[in-house]
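Working notes for the structure below.
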Amino acid sequence: QVQLVEAGGGLVQAGGSLRLPCAASGSIFSILSMGWYRQAPGKQRERVAGMPSGGGVNYLDSVKGRFTISRDNAKNTVYLQMNSLSPEDTAVYYCNYRAVESNYWGQGTQVTVSS
């Protein structure tokens, strides 16, 4: 059974930083991409950062230059480094693995940025 477990969320002041790890367990075959999404209250879930299996990374325009997605294959962990946070970044952040056989989601971690 595949599980994605996020951590690292919390309350931070504007201008601060957080790093969110997403640890994967279980067997995931044919990964197409890994990424981070977020959902703020009353808004649709949006993709923040993505890492296709073929290489490269992509970001939501509003986080470019502030957020960085990375991976540690040895630890089966994907990270989202978030710098220069603003109240507009407040949301529940979800880790996602998109594979040929299924689409996997973590339970989400709350990030709250105070002004």
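The values are calculated or read from the model by the stated rules, or taken from the named source; none is laboratory data. Given the structure is predicted, the values throughout are model-derived calculations rather than measurements. Because the Cβ atoms are built from the backbone with ideal geometry, glycine has one as well, and the counts that use them run over all protein chains shown. Note: areas computed on protein heavy atoms with side chains; ligands, DNA, RNA excluded. Shrake-Rupley method; radii C 1.70, N 1.55, O 1.52, S 1.80 Å.
Amide H to amide H, with H built 1.01 Å from N, VAL48 comes under 5 Å of TRP36, TYR37, ARG38, counting only residues 5 or more places away or on other chains. Close amide H contacts of ARG71 (hydrogens built in the peptide plane, cut-off under 5 Å, sequence separation of 5 or more or a different chain): TYR79. DSSP bridge analysis restricted to the chain gives an antiparallel fraction near 90%, rounded to the nearest 5.
Accessible surface computed residue by residue for region 1-99, with neighbouring protein chains in place and a 1.4 Å probe, gives 53 Å² per residue.
The trypsin sites (Lys or Arg not before Pro) of region 29-77 that DSSP puts in a loop, and whose beta carbon has at most 16 other beta carbons within 10 Å, are LYS43, ARG45, LYS64, ARG66. Treating r as the C-beta distance of LYS43 and VAL2 and R0 as 22 Å, the FRET efficiency rounds to 0.20.
Using 0.36 nm per residue and subtracting the Cα-Cα separation, the extra length available between GLU101 and ASN73 on full extension is 8.1 nm.
Projected over every direction and averaged, the convex hull enclosing the alpha-carbon atoms of the chain yields 6.9 nm².
By definition, a body whose alpha carbon gyration tensor gives a ≥ b ≥ c is prolate when a/c is 1.5 or more and a/b is larger than b/c, and region 51-107 fits this prolate description. Extending 7 Å from Cα along the Cβ direction at SER33 and again at ASP61 yields two label points whose distance is 1.7 nm.
What FRET efficiency comes out for ALA23 versus SER115 if R0 is 35 angstrom and r is the Cβ-Cβ distance? Round to the nearest 0.05.
0.65
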